[in-house]
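No lab work stands behind these numbers, since they all come straight from the coordinates. Just so you know, these numbers come straight off a predicted model, no measurement behind them. Cβ sites come from the backbone with ideal geometry, for glycine too, and all protein chains shown count toward neighbours.
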Amino acid sequence: WRTVAIPVTVLRLRLRRAIWGGDDAAQMNPHARKFMINPLLRAMGAHIAADADILTGLTVHDAYAGLGGLTIGPGCHIGKDVFLDLAAPITLGENCTISMRVSLLTHIDVGKTPLGKTAYPPERAPITLKDGAYIGAGATILHGVTVGRCAVVAAGAVVRNDVPDYAVVGGTPARVIKTLDPAKIEPNAA
């Protein structure tokens with residue numbers, strides 16, 4: 001069944017994209033079965049490692065030009081109901097974990113309110129998670145943030161600044177709680 005379902009669904013996705021555009025086509029992802037998610041993302045241009053584990057409920061926003069800005073490295077896990085904003089590129093290194101209901105927001109745009117003219121002009125910037133990064137459930141990563149190697153973002157945190165390698169951050173806005181010992185995490189790295 002899977003050998004038929006995947007090509008048929010990819011064809012439907014490509015037709016939908018040709019007719020309605022990339023953002024509309026990306027809306028198929030939240031309803032896709034788990035075995036279809038990686039092929040669907042690849043069909044829209046995402047760079048997904050063969051062993052990436054992506055659960056259902058993934059929402060991709062601002063995918064008008066396709067998913068070429070999305071890179072998910074080997075060994076990565078993306079939990080249920082994750083929200084990815086692709087107004088700018090999102091890059092996940094090797095062995096990253098994004099827990100359920102995390103939001104990665106690559107832009108700010110307050111729309112037509114007067115705030116956009118001076119206080120909050122539109123901004124777009126990429127998000128990068130380095131190898132081994134862990135993002136806890138319900139956390140929000142804002143545009144322009146790099147989460148360092150083997151860094152931990154606590155559940156529910158709002159991250160607006162870069163997270164150093166091996167740091168544990170939490171809170172709103174997130175701040176460094178402690179730093180992990182690299183020798184205990186990666187004994188061969190020392």
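Points to keep in mind about this one:
- Counted charge near Met100, where neighbours are those whose Cβ lies closer than 10 Å (Asp, Glu -1; Lys, Arg +1): +1
- Of all aspartates and glutamates in the structure, those lying under 18 Å Cα to Cα from Lys184, and not within fewer than 8 positions of it along the same chain, are Asp131, Asp165.
- Environment charge of His143, counting only residues whose C-beta is closer than 13 Å and scoring Lys/Arg +1, Asp/Glu -1: -3
- When Rg and the Kirkwood Rh are both derived from Cα coordinates, the Rg/Rh ratio for the range 82-182 amounts to 1.01.
- Each Lys or Arg adds one and each Asp or Glu takes one away; over the other residues whose Cβ falls under 15 Å from the Cβ of Tyr166, this sums to -1.
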